[in-house]
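Report on one structure; see the data block that follows.
The values are calculated or read from the model by the stated rules, or taken from the named source; none is laboratory data. The structure displayed is predicted, hence computed values, not measured ones. Every residue, glycine among them, receives a Cβ derived from its backbone with ideal geometry; neighbour counts consider all protein chains shown.
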Amino acid sequence: MEAYGVEIDIKLATARQRCQALHAHASKLETQLYASPGARVVKEFVERASRQLLEFLDVEATNPELELLEPREREIRIHRTCKLVPFLYQVLGILGGAEINLTPAELVLPLRRSLRNILPHAEILLRSGPDLNYSILEIADDIRQFFSETPLAPVTENLPSPLYVMSIPLVEANEVLLHAILAHEAGHGIYDDKRLADQILPRIEVPKEQIAQLARTIASEQREATEQKNKTMTFPLQEIALRDLLTQVVTGTISSWVTELTCDVLGVMIFGPAYFFAFIHLFSTLAMLDEASQSHPPPRLRVGLMCSCLRHRFSLKEVDPRIDDLIGKWEVVGREDVKQGRGEFSLALNSVSPRILILIEEVVAAAVPETLAYSSSQLVDDVNKILPLLKENVPAAEVVRHSHSGLEPPEMPHLLNAGWVLLLARFQEFRENLPAQIGTDALASQKQLNKLLLKSFELAEIKRRWTEVANQAKG
Amino acid sequence: MKAVLLSGRRLKAALCDLTKPIKERLIITPLLAPDEQVSEAEASVDVRLGQKFKVPRRTKLSQLNHLDESHAKNIERYKDETFVRIGDYFVLHPRQFVLGETLEWVHLPHDLSAYVVGRSSWGRDGLIIATALGVHPGYSGILTLEVSNIGEIPVYLWPGVTIAQLFIQQVVGSEIGDSDRSEFQGSTEPRSADAAEADRRIIETFRNSPWPS
């Protein structure tokens, strides 16, 4: 019993020390510059939470009423709150890589604007990391959940929801065109927020008979192996247990695949062909086209679905015959049958039938209002108005959209699509126009194109924001 | 060649003329408040302070010796880049020097050149912005501003404020194809330069044989 008393005192003292250190560290970050508004939200939350936690622990240490509790009960009570300290450390760690010089700061506000067009309350935190991977994580819900069982739950009330942490590879931070892949990551946010899974997953038939057949085959193989060796083999799984396990694996795989496929279609809907081009640049290992995993469907299936979506939504011939031709070649790749892999993946593949792929397109079309989707006419307009500026080495901060209005700043998907069409179809003209000082080799030219696009993002966002603020000031 | 300074009215007309091919247009973009930045009564365009700064890292830089080729080439590495969003500020302390940029991208056709002059209102507070920075015909890029505080009091630099004026002049006698060949062409951020690149070899020769044989 006495040991509990000592344990509680040590736990309290350690938690208070750590809390003080955490609060001091969070306060020090005041001088740090971050690219995303979400970073300030996270920093202020950790500061607020650690301060309140410290106050709570101070009260707890001197609360005479707690003496009435059994030491064991008191220890559990303290632990319930102390466990927040390592959690808050983790949350603060998210800020690493979000500093303004480690992220393309020019990209943050246009990206946030694009996302907020569809999810008006979304807040983002863009960070770069050492992994060669793009990812998105909604953290507000997790934080609320974690705090919900503690006396500090009210501290989470001011957190914006959803709060997305988007990670991009550090080494590719300035490769703007590749960041079109973030449309897929934003798609994950939309998929969860609009509960698209509820509209798709119930319509998929789990192949129960085929699962049973597979379970029977595996069980029979195991039985035979046991009979042959008879000594060292473990007892084979019962067929019924195997069937349950396989059902779980297959449904899990289907669910993950549908999520990814839907986010691909969402990516095409909100960012147009730019998302597809970024996708094929990042996943262009042809040898891996049929490789699936439990979390991701075979790229060939994704390519096929995106090409179909592009054909339905965009008049690519009107954009540029070379783009039309390129999509045509990928269509051929996407149309080929996926080579069947492991048993459970084959079953998942059969369940995600052409009917389901059509359903995904329909569900996405209904979820994203036409006014917010990137359209075929916009693509043609962007190629006619933005691309010529970029081609002459001028950032597209303002373009004439309609004959009756003045110069308007283009938004993120418009710039990305014009940039991709320039890179894929008219890059030679761009290179020829570049001053020799920049370097005329392909790599230097591509670097200049990325810089021009970043500048376009920066200047267009300033122009848009300036106009908004000026209008607000006018009342 | 002789040059003719463009009036505010001519500047406005040139900036609004979208009929010419892009290469032959005068482009200053974005103009956040066009009527205020290009006044018909004046003969210049007001340009604003941009969001990027480059600050020399004193603790890593022992000297600036432009005859040392490797040092001159590495000069860019000894500068910290800082991005300050509009609405935030950068404090320039007395005797501190920083490279800034114009917010606007400037694109000059082959028959126009420009020079940049810091606004006198800043100068009176001790802030020196560039010194007769010439921009050659055919230049396209942001303009790097050399900003120093020679006053006694720290000065807040707010991106988005008008900081300099651009005087634009017509160059008579130039031809299409004549274009700026400076190393700053196409700049998207403030840039240092290898100041002695053109003269390094000859000065080096002088150094090695100071007396004529």
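Are any of the residues in the stretch A:108-125 touching a residue at least 24 places away in the same chain (Cβ under 8 Å), surrounded by fewer than 17 Cβ atoms within 10 Å (Cβ to Cβ) and farther than 22 Å from A:SER456 by Cα?
Yes: one or more hits.
Quick one: how many residues across the stretch A:133-147 are in contact (Cβ under 8 Å) with a residue 40 or more places away in the chain and either in a loop (DSSP other than H, G, I, E, B) or under 15 Å from the mean Cα position of the chain (by Cα) (or both)?
Just the residues of the stretch A:133-147 that are in contact (Cβ under 8 Å) with a residue 40 or more places away in the chain, to begin with: A:134-136, A:138-139, A:143, A:146-147.
Next, from what is left, pick out any that are either in a loop (DSSP other than H, G, I, E, B) or under 15 Å from the mean Cα position of the chain (by Cα) (or both): A:134-136, A:138-139.
Within the stretch A:133-147, residues that are in contact (Cβ under 8 Å) with a residue 40 or more places away in the chain and either in a loop (DSSP other than H, G, I, E, B) or under 15 Å from the mean Cα position of the chain (by Cα) (or both) number 5.
Residues to consider are B:LEU157, B:LEU145, B:LEU112; find the one that is of a type outside the set (S, T, N, Q), in contact (Cβ under 8 Å) with a residue 60 or more places away in the chain and in contact with a Pro (Cβ under 7 Å, 6 or more places away or on another chain). Quick ask: steps written out before the conclusion?
Working: B:LEU157 fails: in contact with a Pro (Cβ under 7 Å, 6 or more places away or on another chain); B:LEU145 fails: in contact with a Pro (Cβ under 7 Å, 6 or more places away or on another chain).
One residue alone meets the criteria, B:LEU112.
Could you say whether any residue in the stretch A:31-42 is farther than 22 Å from A:GLU99 by Cα, in contact (Cβ under 8 Å) with a residue 40 or more places away in the chain, assigned by TED's automatic domain parsing to the domain that holds A:THR81 and assigned to a helix (DSSP H, G or I)?
no
Could you say which residue among A:GLU461, A:GLU429 is more than 30 Å from B:ASP35 (Cα to Cα), touching a Lys or Arg at 6+ places or on another chain (Cβ under 8 Å) and more than 8 Å from chain B (Cβ to nearest Cβ)?
After ruling out the rest, the residue left standing is A:GLU429.
Looking at A:VAL399, A:VAL363, A:VAL469, A:VAL421, can you tell me which residue is in contact with a helix residue (DSSP H, G or I) (Cβ under 7 Å, 6 or more places away or on another chain) and modelled with pLDDT under 95?
Sole residue among the options that is in contact with a helix residue (DSSP H, G or I) (Cβ under 7 Å, 6 or more places away or on another chain) and modelled with pLDDT under 95: A:VAL399.
Per-residue answers, yes or no, for (1) without any contact (Cβ under 8 Å) to a residue 24 or more places away in the chain; (2) assigned to a helix (DSSP H, G or I); (3) farther than 20 Å from A:ALA278 by Cα; (4) basic (Lys, Arg):
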{"site": "A:ILE327", "(1), (2), (3), (4)": "no, yes, no, no"}
{"site": "A:VAL332", "(1), (2), (3), (4)": "yes, yes, no, no"}
{"site": "A:GLY341", "(1), (2), (3), (4)": "no, no, yes, no"}
{"site": "A:LEU349", "(1), (2), (3), (4)": "no, yes, yes, no"}
{"site": "A:LEU357", "(1), (2), (3), (4)": "no, yes, yes, no"}
{"site": "A:GLU362", "(1), (2), (3), (4)": "yes, yes, yes, no"}
{"site": "A:VAL380", "(1), (2), (3), (4)": "no, yes, no, no"}
{"site": "A:VAL383", "(1), (2), (3), (4)": "no, yes, no, no"}
{"site": "A:ILE386", "(1), (2), (3), (4)": "no, yes, no, no"}
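Out of the stretch B:84-98, which residues are within 14 Å of another protein chain (Cβ to nearest Cβ) and touching a strand residue (DSSP E or B) at 6+ places or on another chain (Cβ under 9 Å)? Break it down stepwise before answering.
At the first step, the residues of the stretch B:84-98 found to be within 14 Å of another protein chain (Cβ to nearest Cβ) are B:84-91.
Within the stretch B:84-98, B:VAL84, B:ILE86, B:TYR89, B:PHE90, B:VAL91 qualify.
Considering only residues of the stretch A:280-320 that are surrounded by 15 or more Cβ atoms within 10 Å (Cβ to Cβ) and acidic (Asp, Glu), which is nearest to A:ILE386 (Cα to Cα)?
Once the filter is applied, the top-ranked residue is A:ASP320.
Please tell me if A:GLU361 is in contact with a Pro (Cβ under 8 Å, 6 or more places away or on another chain), surrounded by fewer than 23 Cβ atoms within 10 Å (Cβ to Cβ), of a type outside the set (Val, Ile, Thr) and away from every other protein chain (no Cβ under 11 Å).
Working: in contact with a Pro (Cβ under 8 Å, 6 or more places away or on another chain): no; surrounded by fewer than 23 Cβ atoms within 10 Å (Cβ to Cβ): yes; of a type outside the set (Val, Ile, Thr): yes; away from every other protein chain (no Cβ under 11 Å): yes.
Criteria not met by A:GLU361.
Select from the stretch B:1-39 the residues that are within 11 Å of chain A (Cβ to nearest Cβ) and assigned to a loop (DSSP other than H, G, I, E, B) and list them in ascending order.
B:LEU18, B:PRO21, B:ARG25, B:PRO30, B:LEU31, B:LEU32, B:ALA33
Of these, B:GLU81, B:GLU76, B:GLU101, which one is within 14 Å of chain A (Cβ to nearest Cβ), charged (D, E, K, R) and under 16 Å from B:PHE184 (Cα atoms)?
B:GLU101
Select from the stretch A:75-98 the residues that are at pLDDT 85 or above and of a type in the set (Lys, Arg) and list them in ascending order.
Selection gives A:LYS83 alone.
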